[in-house]
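Structure first, commentary second.
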Amino acid sequence: MVKTRLAQSLSVEAVTELYCCLLDDTLALARSLGDVEVAIMCPDSDVDELTRLADNQASVVAQKGEGLAAGLTSVFAHFAGGHRTNALQRRIIAFNSDSPHLPRSVLEDAFETLAAHDVVVGPTHDGGYYLVGAKASHPTLFAGDGMGTSSALERLLARARAIELSVGFADRFYDIDVADDLARLAEELRLAPARAPRTAAWLKEWDSTAH
């Protein structure tokens, strides 16, 4: 059950293959930052499969509860725990598993933004967000509905204001939700395949098959 909106234009098998490529390249992007701990947060039922897919590139942690909001809450509850040395060094960035085309500088800048703000958010063009970071766990930050909708960012910012958190922003970007997003990514990776090599190879084959 990944990238379900792409299932309108791709077979279930193709969507699954694409997602594996996106995940692999996104993990490579995260690891390229160097001195970071990379982990995948997912439902308990997916831990074994994602552990296999991650192939020792990241630890895999079972979230508490169902859905994306629960997953994000679990990220910060898990990594803002007492095993970090102090709050100033504790900077956590959660971002989606389908953004291998995200420039590494955006992630680097997001960590820097957290030095001066409680929260950092990376908005998408459709009213959502592809990235959110914090230095501590704020359980109410993702409470309620609205995840995956055009008001997701607005709701997140309202909750941040309600609990008096300062918010900094990463660059606006796009993620891969629908066929137009995929076509845009294919064109970008055609010109610069090294940004996400496994995804670029899959898209090149997909594009030749589709046409």
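Restricting to Cα pairs below 8 Å that are 6+ residues apart, what does the relative contact order work out to for the chain? Please round to a whole percent. Reported as a whole number, the value is 21 percent.
For segment 98-207, the extents of the C-alpha atoms along the principal axes are 48, 28, 18 Å, listed from largest to smallest. The helix-only estimate of mean residue ellipticity at 222 nm for the chain, built from DSSP H runs of length n ≥ 4 each weighted as -39500 (n - 2.57), is -13500 deg cm²/dmol after division by the residue total. Residues whose amide H lies under 5 Å from that of Val120, counting only those 5 or more places away or on a different chain, are Gly133, Ala134, Gly168; hydrogens are built 1.01 Å from N in the peptide plane. For His138, His78, His125, the ranking by accessible surface with the largest value first comes to His125, His78, His138, using a 1.4 Å probe. When the P(r) is computed for the chain, the part past 30 Å accounts for 20% of the Cα-Cα pairs. At a 1.4 Å probe, what is the % contribution of carbon and sulfur to the accessible area of the chain? Result for the chain: 52 percent of the exposed heavy-atom area is carbon or sulfur.
Computed with a 1.4 Å probe over protein heavy atoms only, the accessible surface of the chain comes to 53 Å² per residue. When the residues Phe76, Phe95 are ordered by accessible surface, computed with a 1.4 Å probe over the protein chains alone, the sequence from largest down reads Phe95, Phe76. Among the GluC sites (Glu not before Pro) found in segment 101-165, those both in a DSSP coil and sparsely packed, with 13 or fewer other Cβ atoms within 10 Å of their Cβ, are Glu164. In order along segment 181-186, phi translates into HN-Hα couplings of 5, 5, 5, 5, 4, 4 Hz, rounded to whole numbers, per the Karplus curve 6.51 cos²θ - 1.76 cosθ + 1.60 with θ = phi - 60° and x for Gly and Pro. Working from Cα positions, state the angle (0 to 90°, nearest 10) between the long axis of helix 152-162 and the longest principal axis of the chain. The answer is roughly 10 degrees.
The values are calculated or read from the model by the stated rules, or taken from the named source; none is laboratory data. This is a predicted model, so every value here is computed, not measured. Note: ideal-geometry Cβ built from the backbone for every residue, glycine included; neighbour counts use all protein chains shown. Keep in mind that these areas ignore ligands, DNA and RNA; they rest on the heavy atoms of the full protein, side chains included. Shrake-Rupley method; radii C 1.70, N 1.55, O 1.52, S 1.80 Å.
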